[in-house]
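What follows is a short report on a single structure.
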Amino acid sequence: MWQQLKLDEFWQPRLGESREGTDWHQVLMVLVAYRLIDPGIEWCLHREWFEHSAMGDLLGGDSALAAKDILYRCLDKVLAHKDALQVFLKQRWQDLFGASVWT
């Protein structure tokens, strides 16, 4: 679904790496997968879910991707792009399904 929606195309230029080396794009992918697979609060993702999932292996990252302060900071960064994301997803909806109405 991530690839079909071309979310890499949207997020990659907006969420790069921090000066400390945090890959915000990968952190966002962890957050999205968690919401789809086992929705819960970020604290549970940090304390339990990431360790028991294969996300680290799939993304080639370590537990730093699920550090609680990193998760919350990523959500703050995403919020700044909410309006642009809605416009982007509307266009993807139209492209994928030939939709002419968006409600």
**Request:** Scan segment 42-70 and report the pairs whose first residue is among the aromatic types (Phe, Trp, Tyr) and whose second residue is part of a loop (DSSP other than H, G, I, E, B), with Cβ atoms within less than 7 Å and a gap of 6+ or a chain change.
**Result:** TRP49/ASP38
**Message:** Can you tell me which residue is surrounded by the fewest Cβ atoms within 10 Å (Cβ to Cβ) among those in segment 23-39 that are touching a Phe, Trp or Tyr at 6+ places or on another chain (Cβ under 8 Å) and more than 16 Å from ASP76 (Cβ to Cβ)?
**Reply:** ASP38
**Request:** Kindly indicate the residue of segment 11-69 that is of a type in the set (Lys, Arg) and within 16 Å of the chain's Cα centre (by Cα) and also farthest from MET1 (Cα to Cα) among those meeting that condition.
**Result:** LYS68
**Prompt:** Does GLU20 fit the bill of being part of a helix (DSSP H, G or I), without any contact (Cβ under 8 Å) to a residue 12 or more places away in the chain and surrounded by fewer than 18 Cβ atoms within 10 Å (Cβ to Cβ)?
**Reply:** no
**Message:** Among the residues that make up segment 89-97, is at least one of them within 16 Å of the chain's Cα centre (by Cα) and over 16 Å from LEU5 (Cβ atoms)?
**Reply:** no
**Request:** Would you check which residues across segment 40-53 are open to solvent by 30 Å² or more (accessible area, probe 1.4 Å) and either part of a helix (DSSP H, G or I) or at pLDDT below 90 (or both) and list them?
**Result:** ILE41, TRP43, CYS44, HIS46, ARG47, GLU48, TRP49, GLU51, HIS52
**Request:** Among what's in segment 8-17 and is without any contact (Cβ under 8 Å) to a residue 12 or more places away in the chain and not in a loop (DSSP other than H, G, I, E, B), pick the residue that is farthest from TRP93 (Cα to Cα).
**Result:** GLU17
**Fill in**
When segment 54-103 is checked residue by residue, the ones that are open to solvent by 40 Å² or more (accessible area, probe 1.4 Å) and not in a helix (DSSP H, G or I) are ALA54, GLY60, ASP62, ALA80, HIS81, GLY98, SER100, VAL101, TRP102, THR103
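The values are calculated or read from the model by the stated rules, or taken from the named source; none is laboratory data. These figures come from a predicted structure and were not determined experimentally. FYI the Cβ positions are ideal-geometry reconstructions off the backbone, even for glycines, and counts take in every protein chain you see. Surface areas here come from the heavy atoms of the whole protein model, side chains and all, with no ligands, DNA or RNA. Shrake-Rupley method; radii C 1.70, N 1.55, O 1.52, S 1.80 Å.
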